[in-house]
């Protein structure tokens with residue numbers, strides 16, 4: 001008969017009591033370090049809230065700018081107020097002639113005589129031998145305060161070229177301008193330079209200055 005590996009005995013009351021005593025003593029010997037400690041919960045960190053909101057900060061900045069502008073304006077006004085300046089206006093020189101009339105008739109006023117203004121101040125023409133130069137424009141303007149009744153003529157000697165205009169006389173109200181076309185007959189002249197003058201005069205002899213002279217120079221060249 002073979003030998004058994006182990007022999008099991010039935011448990012007795014003493015054995016069970018001894019086992020319970022050992023288990024109780026083993027439980028008391030467990031140190032606090034061996035106990036399972038539950039981890040502490042992680043607390044969320046919150047940033048501190050700002051003292052002022054963005055809207056409040058923007059409003060304060062706007063009020064600061066307005067206050068700065070008002071202060072600058074008051075300072076500038078105070079500085080300018082201590083340094084006054086005087087503006088001196090010159091009196092216009094106007095010649096006015098009053099005419100006394102009977103009751104019911106209008107009074108007339110005159111603001112100075114007519115004034116003759118010629119443009120250009122001189123006239124230069126050029127032509128080839130046997131030909132006439134192209135017609136040229138000149139302008140007469142009345143820059144005065146009275147009607148200008150003008151007449152245009154020519155001052156010249158026998159050898160001067162013959163000039164002609166499309167209009168030799170006319171009437172200009174203050175501020176009006178007349179355009180004249182000046183032509184020259186030079187086809188019979190020899191090559192060289194010739195000089196003459198156009199004269200503008202006022203029929204009433206009241207224009208200033210009058211008469212007005214417009215020098216004219218003509219160059220005749222050899223034909224090719």
query = So what does log10 I(q)/I(0) come out to for region 116-210 at q = 0.13, 0.15, 0.16 Å⁻¹, using the Debye formula with one equal point on every Cα and no solvent?
reply = -0.48, -0.62, -0.68
ask   = So what does log10 I(q)/I(0) come out to for region 110-163 at q = 0.18, 0.26, 0.27, 0.29 Å⁻¹, using the Debye formula with one equal point on every Cα and no solvent?
value = -0.79, -1.15, -1.19, -1.25
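Give me the number: length gained by fully extending residue 151 to residue 203, i.e. 0.36 nm times residue separation minus the C-alpha to C-alpha distance, one decimal in nm.
Details: separation 52, 0.36 × 52 = 18.72 nm, distance 0.70 nm.
Length difference between fully extended and current span is 18.0 nm.
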remark   = The residues 115, 185, sorted from fewest to most surrounding Cβ atoms within 10 Å, come out as 185, 115
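Residue 55 to residue 131: extension gain in nm, 0.36 nm per residue of separation minus the Cα-Cα distance?
Numbers: separation 76, 0.36 × 76 = 27.36 nm, distance 9.06 nm.
Extra length from residue 55 to residue 131 when fully extended: 18.3 nm.
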task = Please work out how much length the chain gains when fully extended from residue 70 to residue 219, using 0.36 nm per residue of separation minus the C-alpha to C-alpha distance, in nm with one decimal.
result = 46.2 nm
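A short reminder: the numbers here are calculations on the coordinates, not readings from a lab. None of these values were measured; they are calculated from a predicted model. Cβ atoms come from the backbone with ideal geometry, glycine included; neighbour counts cover every protein chain shown.
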